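The values are calculated or read from the model by the stated rules, or taken from the named source; none is laboratory data. As the structure is a computational prediction, the values presented were derived from the model and not from experiment. Glycine gets a Cβ as well: all are built from the backbone with ideal geometry, and neighbour counts include every protein chain shown.
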Amino acid sequence: MAIQTQEMMLNMGPQHPSTHGVIRFVVKTDGEVMSEAIPDVGYLHRSIEKIGEICDFNGFMPYTDRADYLSAMNANQGYAMVVEKLMKIEVPRRAEYLRIIASEFNRIISHLLAVGALAMDVGAATPFLHALKEREKVNDLMEALCGQRLTYNYVRIGGVSYDMPPGFTEQSLSFLDKFEPIMQEFERLVSDNKIFVERVANVGAISREDAIAYNLVGPNLRASGVDWDLRRDMPYSIYPELDFKVCVGRGEKGTLGDCYDRYIVRIREILESVKILRQCFIQIPEGPTLADMPKSLKPPIGEAYVRTESSRGDIGYYLISDGSTHAFRLRIRTGSFTGMSIIQKISQGMMIADLVALIASLDVVAPEIDR
Amino acid sequence: MSFEELIQTLQGKFGAESLVTTTDRAGDPFVMVPAAKIVEILTFCRDDASLAFDCLSNLTGVDAPPDDAEVVYHLFSYSKKHSLTCKVRVPKSNPHVSSVEKIYPTANWQEREAFDLIGIIFDGHSDLRRIMLPEDWIGHPLRKDYKEAADYHGISTSRPSLLYPEKG
């Protein structure tokens, strides 16, 4: 009797250890080879955009933390900047520096978790523990800065909530001094590890054209060979005063835009963030940390769209104001949402075990997809 | 290119009367485009060498009470580093806009979101299903006149407040 073969439909998630949150995939597979993996999102939808129409402008800030809890500082900053743009508020220079210090620290820990989780998802548990160990230390610094370890609510419209505590600069610099050698060790452990490289190189390659057409952003876009970073190419805040490199994927272990490129771009960005932080601590001026703000914020009638470079790339805030104390419409376009939408196309013809590597390398965060 | 130059290029191609700009608003300028022409205009924006809008950065559905809904397209060009905001306006009684999924694949999910939360129907979309909410959800929550149903499959959506019992 001949063996019957037919396409099988599998359900991956919503509760699955390697979907990075509550996401479901409908996987159509013929043996080990997938014909398609269809993402099904929305399990964490909290209608943050609707809440944005109900809260006043200052009251919405903590909700932006929840939109992307792994990179809350960057999400805070984008939201503050869109309101400031509409109201034409000048942010004090010290506050700008504090924002960048906070967001670059946030980028480091977000990327650490991304690369650690990628390594764990393809079978290496040790790098994840190393990454989390370092992440805890940054969390301590963040706690000293703003009292929170995950959802910071640190940025205010017009500045930041607190100045640095005494000794913060020394603590941070001493952390960075120890952190750089640890990153080199991490690289030695993972980046050239034959087993790891074979699991991620040539897997899930995204072409440059696809990356732009599907609006991939941030490290995922750069890994596909697009030399683009909002911090350098459309600079905001104090980025023009800082010297850093934009890391672009080169396909060094396989194809351009594969999972390895997305991994190595993040590793290099961590080191660039360290460079940025060192400059910030030298250059930070004295001064106030919050502009003179009116008690109730009423942006003029109009609209603004602001994009900032978050850990997961370009996060876009689109605010329409009708002149009242509440937003008329607030849209958050996140990197995870667009990153997720490409999976259906890229997964066609992939091995089923590689899907996990693809998801982890795109660094999607479920609350940021669903908002 | 600046906003004025972009508009001049577009008006040179499509005529001045169909592209309306508003200047009395704060913040970013935008251009209103007739809903029937959106596919044609965005195709031109993408393919014209001087515009080169290769990226649809954001697609937003907006409720515009009392009668209308809007779709906002934020275009961006990686090579030219310029951006443009286009809007189309359709009546909520017949909220049909042509899908731009074939021009910008990223519109697929973003249009699904606008369909789900605002209720705009994108003609020619390959897979227009709800994306955030369950398939059997009633209504479109981001509309200003949306009223939450009292229950969903027998699960109550409200509870008495401990602090303000009188509000129930």
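If you go through segment A:64-89 and pick out every residue that is among the charged types (D, E, K, R), within 14 Å of chain B (Cβ to nearest Cβ) and in contact (Cβ under 8 Å) with a residue 40 or more places away in the chain, you end up with 2. Checking each residue in segment A:187-214 for being modelled with pLDDT of 85 or more, more than 14 Å from every other protein chain (Cβ to nearest Cβ) and in a helix (DSSP H, G or I) picks out A:Val190, A:Lys194, A:Ile195, A:Phe196, A:Val197, A:Glu198, A:Arg199, A:Val200.
Tally up the residues in segment A:215-246 that are in a helix (DSSP H, G or I), of a type in the set (A, V, I, L, M) and touching a Phe, Trp or Tyr at 6+ places or on another chain (Cβ under 7 Å), please.
Total satisfying the criteria: 1.
Consider segment A:335-358 and keep the residues that are more than 10 Å from chain B (Cβ to nearest Cβ) and hydroxyl-bearing (Ser, Thr, Tyr). The one that is surrounded by the fewest Cβ atoms within 10 Å (Cβ to Cβ) is A:Ser347. Which of the residues that make up segment A:236-263 are surrounded by fewer than 22 Cβ atoms within 10 Å (Cβ to Cβ) and more than 30 Å from A:Tyr305 (Cα to Cα)? Correct list: A:Arg250, A:Gly251, A:Glu252, A:Lys253, A:Gly254, A:Thr255, A:Leu256. A:Pro92 satisfies every condition listed in (1) away from chain B (no Cβ under 14 Å); (2) out of contact with any strand residue (DSSP E or B) (no Cβ under 7 Å at 6 or more places or on another chain) except (2). Give me a count of the residues in segment A:29-43 that are over 23 Å from the mean Cα position of the chain (by Cα) and more than 13 Å from A:Lys345 (Cα to Cα). Counting residues in segment A:29-43 that are over 23 Å from the mean Cα position of the chain (by Cα) and more than 13 Å from A:Lys345 (Cα to Cα) gives 5. Taken over segment B:80-132, the criterion of being under 19 Å from B:Asn58 (Cβ atoms), out of contact with any helix residue (DSSP H, G or I) (no Cβ under 6 Å at 6 or more places or on another chain) and of a type in the set (A, V, I, L, M) is satisfied by B:Ala107, B:Ala114, B:Leu117, B:Ile118. Among the residues of segment A:261-309, those that are among the small types (Gly, Ala, Ser) and over 30 Å from A:Glu53 (Cα atoms) comprise A:Ser273, A:Gly287. Restricting A:Ile301, A:Ile282 to residues that are free of Cβ contacts under 8 Å to residues at least 24 places away in the same chain, within 11 Å of chain B (Cβ to nearest Cβ), farther than 25 Å from A:Asp68 by Cα and surrounded by fewer than 23 Cβ atoms within 10 Å (Cβ to Cβ) narrows the list to A:Ile301. Among the conditions (1) surrounded by fewer than 18 Cβ atoms within 10 Å (Cβ to Cβ); (2) within 29 Å of A:Glu49 (Cα to Cα), B:Phe30 misses just one, which is (1).
Does B:Ser57 count as within 12 Å of another protein chain (Cβ to nearest Cβ) and either surrounded by fewer than 19 Cβ atoms within 10 Å (Cβ to Cβ) or of a type in the set (Asp, Glu) (or both)? The answer is no for B:Ser57. Filtering segment A:219-238 to residues that are touching a residue at least 24 places away in the same chain (Cβ under 8 Å) and within 11 Å of chain B (Cβ to nearest Cβ) leaves A:Leu221, A:Leu230, A:Met234.
Quick grid of which residues meet (1) in contact with a helix residue (DSSP H, G or I) (Cβ under 7 Å, 6 or more places away or on another chain); (2) in contact (Cβ under 8 Å) with a residue 40 or more places away in the chain:
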| residue | (1), (2) |
| --- | --- |
| A:Gly249 | yes, no |
| A:Tyr260 | yes, yes |
| A:Glu286 | yes, yes |
| A:Met293 | no, yes |
| A:Thr308 | yes, yes |
| A:Ile320 | no, no |
| A:Arg333 | no, no |
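For segment A:136-194, residues that are over 30 Å from A:Leu297 (Cα atoms) and touching a residue at least 60 places away in the same chain (Cβ under 8 Å) total 13.
Considered as a group, the residues in segment B:140-157 that are away from chain A (no Cβ under 11 Å) and aliphatic (A, V, I, L, M) include one that is farthest from B:Gly61 (Cα to Cα), and that residue is B:Ile155.
Answer with yes or no whether A:Val115 is in contact (Cβ under 8 Å) with a residue 40 or more places away in the chain, surrounded by fewer than 19 Cβ atoms within 10 Å (Cβ to Cβ) and away from chain B (no Cβ under 14 Å). Considered against the rule, which asks whether it is in contact (Cβ under 8 Å) with a residue 40 or more places away in the chain, surrounded by fewer than 19 Cβ atoms within 10 Å (Cβ to Cβ) and away from chain B (no Cβ under 14 Å), A:Val115 comes out as no.
Summed over segment B:135-157, the residues that are part of a loop (DSSP other than H, G, I, E, B), over 23 Å from A:Val41 (Cα atoms) and more than 25 Å from the chain's Cα centre (by Cα) give a count of 2. Criterion first (charged (D, E, K, R), part of a strand (DSSP E or B), over 21 Å from B:Asp47 (Cβ atoms) and within 13 Å of another protein chain (Cβ to nearest Cβ)) does B:Glu70 satisfy it? So B:Glu70 passes the test.
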